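See structure below.
The values are calculated or read from the model by the stated rules, or taken from the named source; none is laboratory data. Keep in mind the model is a prediction, meaning the values are calculated, not measured. Cβ coordinates were reconstructed from backbone atoms using ideal geometry, including for glycine residues, and neighbour counts include every protein chain displayed. When the accessible area is computed, the model is the full protein with side chains, heavy atoms only, and any ligands, DNA or RNA have been set aside. Shrake-Rupley method; radii C 1.70, N 1.55, O 1.52, S 1.80 Å.
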Amino acid sequence: MSLNTAFTGRAGVSRVFTPFNNFSSRPVRLPKPLKLPVKANPDNGVDDLDRQLKEDMERYKQRQSTVQTTPGRFQPVSIPTARTAADNADAPNFALKEAIDKFLIADFFFVVFALVSLGVSLAVNLAFESSALLDFWLVCWQWVFQPAIGLLMLGSIGSGVAAWAKDNLGKNK
């Protein structure tokens with residue numbers, strides 16, 4: 001029995017395939033082939049397909065006409081736009097929050113730069129066995145990179161708390 005007849009089940013062979021390894025003592029039962037319904041008639045396939053397409057188009061047009069005539073189905077949606085200081089009653093607080101957000105974005109990219117520079121200094125240390133760049137990075141770690149990470153964490157937490165307080169405590173007024 002060939003492998004093909006074992007998989008296909010032709011030539012009167014059952015649809016059971018015995019694995020060639022010794023890990024399993026039970027044969028594996030293969031699933032039966034999936035038979036998909038064929039809607040188009042092979043004799044007049046083009047005509048049948050055209051008829052099905054026309055029916056689909058008519059159903060689509062019918063659905064579109066019912067959707068458009070249903071009252072109140074689609075209402076115009078106002079898209080929130082970016083606020084400006086003139087639109088906001090708390091203009092000084094808004095300007096301060098925008099400045100803090102811009103600082104946090106810049107600080108985030110500085111922290112990413114610090115991590116990339118650590119990777120470069122480690123690669124240089126491994127490749128050339130020169131620790132000068134890594135030593136410089138370690139000096140900067142305590143005095144530059146740690147405070148930047150701390151400011152990023154403090155600013156993120158503070159920004160989140162301020163947004164929560166504005167949303168939840170501002171509703172009580």
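With the checklist (1) modelled with pLDDT of 95 or more; (2) assigned to a loop (DSSP other than H, G, I, E, B) in hand, flag the one item Gln75 doesn't pass.
All conditions pass for Gln75, except number (1).
Based on this model, can you work out whether Ser121 counts as in a helix (DSSP H, G or I) and touching a Lys or Arg at 6+ places or on another chain (Cβ under 9 Å)? Even if it seems obvious, please write down each step before you answer.
Working: in a helix (DSSP H, G or I): yes; touching a Lys or Arg at 6+ places or on another chain (Cβ under 9 Å): no.
So Ser121 fails the test.
Condition check: among the hydroxyl-bearing types (Ser, Thr, Tyr), open to solvent by 100 Å² or more (accessible area, probe 1.4 Å) and modelled with pLDDT under 80. Does Thr81 satisfy that? Full working, then the answer.
Working: among the hydroxyl-bearing types (Ser, Thr, Tyr): yes; open to solvent by 100 Å² or more (accessible area, probe 1.4 Å): yes; modelled with pLDDT under 80: yes.
Against the criterion (among the hydroxyl-bearing types (Ser, Thr, Tyr), open to solvent by 100 Å² or more (accessible area, probe 1.4 Å) and modelled with pLDDT under 80), Thr81 qualifies.
What are the residues in region 145-173 that are of a type in the set (A, V, I, L, M) and open to solvent by 60 Å² or more (accessible area, probe 1.4 Å), if any?
So the first thing to find is which residues in region 145-173 are of a type in the set (A, V, I, L, M), and the list is 148-149, 151-154, 157, 161-163, 165, 169.
Residues satisfying the conditions are Leu151, Met153, Leu154, Ile157, Val161, Leu169.
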